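The values are calculated or read from the model by the stated rules, or taken from the named source; none is laboratory data. What you see is a predicted model; the values in this text were computed from it and never measured. Heads up, the Cβs are rebuilt from the backbone with ideal geometry, glycines too, and the neighbour counts pull from every protein chain shown.
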Amino acid sequence: MKVLLVFAHPEPRSLNGALRDVAVKELQAQGHEVRVSDLYADGWKSEIDRADFPSLAADARLMPVAASRNAFGTDTLTDDVKAEIEKLLWADVLILQFPLWWFSMPAILKGWVDRVFAFGFAYGVGEHSDKRWGDRYGEGTLVGKRAMLIVTAGGWEAHYASRGVNGPIDDLLFPINHGILYYPGYDVLPPFVTYSVDRLDEAGFEPVAESLRARMRTLETTPPIPYRRQNGGDYHIPSMQLRPELGEAVAAGFALHVQDETAAG
């Protein structure tokens, strides 16, 4: 397989840097072709502004969605964005690797998503009618490909459990897994999360590294999170409300959007 790993940590000698090297080495040992987009090392520009749309008239009002649609449609996106889109089309698997900062991804990685997931590429595609509402949530440009997260967290695993003070890790990562990766069609694998990383010493690193190697060895066979397909009949169109007879095991929340509600933590 072809694997793209998008790496978002400012220190190459960090635990994240070490885990990235473990993942890449194991993937290559399994015969996979790997590319790495190291956002900090590459000096990735995270904010969207007028510079992203060179064809936009100087006196025109910047409306990012419309500008993105026009730039993608006319092939006038900036070269750095085009290069990342080419990598996404090339890759069978996308891995996003980052430390959990303030319950989300670092700003530089969010900026990568903001700029690279252009209108007409990752969203705004497909028919909108009374039978379907675009190609998204299980369909789209990136359907048939796999994606997963490699995440490090400073808190204890218990802090991210179902009754933990930080909230369940599956809920915290839902906006990324479901809203960023599943939205354009990826089959999203369960995340690989390492906890208490600020307390991890050399003796504790090897078990984590071996667990990551095992995940990399099963990248092709690990079952994805069974999110509900938007156009698969579970939702009313165009209201996008889950049918009332579904999700009876949970009252509300993110778990409603997983076919097997028990898998949502």
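Miscellaneous remarks
- Among residues of the stretch 22-41 being assigned to a loop (DSSP other than H, G, I, E, B) and either in contact (Cβ under 8 Å) with a residue 12 or more places away in the chain or within 20 Å of the chain's Cα centre (by Cα) (or both), the one that is surrounded by the fewest Cβ atoms within 10 Å (Cβ to Cβ) is ALA41.
- Scanning the stretch 67-93 for residues that are more than 30 Å from ARG215 (Cβ to Cβ) and without any contact (Cβ under 8 Å) to a residue 12 or more places away in the chain returns ASP75, ASP79, LYS82.
- The lone exception for TRP44 - which of (1) at pLDDT 95 or above; (2) more than 27 Å from TRP101 (Cα to Cα) it fails: (2)
- Under the condition of being at pLDDT 85 or above and assigned to a loop (DSSP other than H, G, I, E, B), the residues counted in the stretch 235-254 number 11.
- The listed residues are SER104, SER55, SER129, and the only one of them that is at pLDDT below 95 and either farther than 23 Å from GLY232 by Cα or of a type in the set (D, E, K, R) (or both) turns out to be SER55.
- ARG69 fulfils the conditions (1) assigned to a loop (DSSP other than H, G, I, E, B); (2) of a type in the set (Lys, Arg); (3) farther than 30 Å from VAL258 by Cβ except for a single criterion, (1).
- Once the stretch 9-21 is narrowed to residues that are in contact (Cβ under 8 Å) with a residue 12 or more places away in the chain and in a helix (DSSP H, G or I), the residue that is nearest to VAL81 (Cα to Cα) is ARG20.
- Test: SER162 is at pLDDT 95 or above, of a type in the set (S, T, N, Q) and out of contact with any strand residue (DSSP E or B) (no Cβ under 6 Å at 6 or more places or on another chain): no
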